[in-house]
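Notes to accompany the following structure.
The values are calculated or read from the model by the stated rules, or taken from the named source; none is laboratory data. Values in this document were obtained by computation on a predicted structure and should not be read as measured data. Cβ atoms come from the backbone with ideal geometry, glycine included; neighbour counts cover every protein chain shown.
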Amino acid sequence: MNLTAIRAIYLFELARTWRTLFQSIFTPVLTTSLYFVVFGSAIGGRMHEVGGVPYGAFIIPGLMLLTILSESIANASFGIYLPRFTGTIYELLSAPVGVAETLIGYVGAAATKSIILALIILATARCFVPYHIVHPFWAVGFLLLITVSFCLLGFILGCWADGFEKLQVVPLMVVTPLTFLGGTFYSIDMLPEPWRTITLFNPIVYLVNGFRWAFYDIADVDIRISAGLIVAFLAVLIGVISWIFRTGWRLRS
């Protein structure tokens, strides 16, 4: 394991966060605060509790994932796309750096940014509503699995994209709508049939409910299915990235 290479890639990618601090940190936090003001106050004033949890606290896990998923994809995709765009990817490919070192460096930096952002959002939520995390160990586990998985997805998108505009296609047109429809602001038990059954085909539902269970011990789906889907998704992404490096798809062209 080339620890020097990992450290160099990791620190270089992480340094970009401090150069774009407003965009990387303050903008998502401001957006989350507005969600709390609009949904927590306006809707929460009419819907006091969901599953025995105050509505303002109920939406915290969903709001965290709403930001984490898009930021994880954006950070990881831009991190690998920029070397491809500038041509510096060939220096990385010709260096004695393996797939594991490259992934740990790029994905580790992107995941670190997302986790820092998640902690800031969690602290910001404390300013609006009181909450208590019932299963802190599982909350950390779900957060790490989800963050790393979507950073890997972002890495794949960064390899696939042939223009800056394509980096935003999946986050804006797929992930964000699915997150809004995945029980971020409501329990899917509130939905009438057949919409409740249709919603179960949305994979984000299982991520939101797994994370919410870790917070409040309530979930609309089986927690074992949530955990299993995240692990399976992670394994598939690792397999795809291994194939990309083995074949050089989009990296050498």
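Please verify whether the range 86-93 includes one or more residues that are acidic (Asp, Glu) and touching a residue at least 60 places away in the same chain (Cβ under 8 Å). No. Checked against (1) assigned to a loop (DSSP other than H, G, I, E, B); (2) buried (at least 18 other Cβ atoms within 10 Å of the Cβ), residue 212 passes all but condition (1). Do we have any residue at all in the range 155-166 that's surrounded by 18 or more Cβ atoms within 10 Å (Cβ to Cβ), among the hydrophobic types (A, V, I, L, M, F, W, C), closer than 29 Å to residue 85 by Cα and within 12 Å of the chain's Cα centre (by Cα)? No; the residues of the range 155-166 include none that is surrounded by 18 or more Cβ atoms within 10 Å (Cβ to Cβ), among the hydrophobic types (A, V, I, L, M, F, W, C), closer than 29 Å to residue 85 by Cα and within 12 Å of the chain's Cα centre (by Cα). Taking first residues from the range 214-225 that are more than 14 Å from residue 183 (Cβ to Cβ) and partners that are surrounded by fewer than 15 Cβ atoms within 10 Å (Cβ to Cβ) and of a type outside the set (D, E, K, R), the Cβ contacts under 6 Å between residues at least 6 apart in sequence or on separate chains come to 217/134. Is it the case that some residue within the range 26-47 is in contact with a Leu (Cβ under 7 Å, 6 or more places away or on another chain), part of a helix (DSSP H, G or I) and not β-branched (Val, Ile, Thr)? Yes; the residues of the range 26-47 include at least one that is in contact with a Leu (Cβ under 7 Å, 6 or more places away or on another chain), part of a helix (DSSP H, G or I) and not β-branched (Val, Ile, Thr). Only one entry of 126, 84 meets the criterion of being under 26 Å from residue 213 (Cβ atoms) and basic (Lys, Arg), and that entry is 126. Taken as a whole, the structure places residue 102 among residues that are surrounded by 18 or more Cβ atoms within 10 Å (Cβ to Cβ), more than 22 Å from residue 123 (Cα to Cα), among the polar types (S, T, N, Q) and touching a residue at least 60 places away in the same chain (Cβ under 8 Å). In the range 174-188, the qualifying residues are those that are in contact (Cβ under 8 Å) with a residue 60 or more places away in the chain and in a helix (DSSP H, G or I), and the one that is surrounded by the fewest Cβ atoms within 10 Å (Cβ to Cβ) is 180.
This table checks each residue for (1) under 18 Å from residue 79 (Cβ atoms); (2) surrounded by 16 or more Cβ atoms within 10 Å (Cβ to Cβ); (3) within 15 Å of the chain's Cα centre (by Cα).
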site	(1), (2), (3)
140	no, no, yes
147	yes, yes, yes
150	yes, yes, yes
169	yes, no, no
196	no, no, no
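Taken as a whole, the structure leaves residue 240 outside the set of residues that are touching a helix residue (DSSP H, G or I) at 6+ places or on another chain (Cβ under 8 Å) and either more than 25 Å from residue 81 (Cα to Cα) or crowded, with 19+ Cβ neighbours inside 10 Å (or both).
Give me the residue from the range 57-94 that is more than 20 Å from residue 156 (Cβ to Cβ) and among the β-branched types (Val, Ile, Thr) and, out of that set, surrounded by the fewest Cβ atoms within 10 Å (Cβ to Cβ). Looking at the filtered set, the residue picked out is 67.
State whether the residues of the range 184-197 include one that is in contact with a Ser or Thr (Cβ under 8 Å, 6 or more places away or on another chain) and under 26 Å from residue 39 (Cα atoms). Yes, the range 184-197 has at least one match.
Of everything listed in (1) modelled with pLDDT under 95; (2) in contact with a Leu (Cβ under 6 Å, 6 or more places away or on another chain); (3) of a type outside the set (A, V, I, L, M), the single unmet condition for residue 154 is (2).
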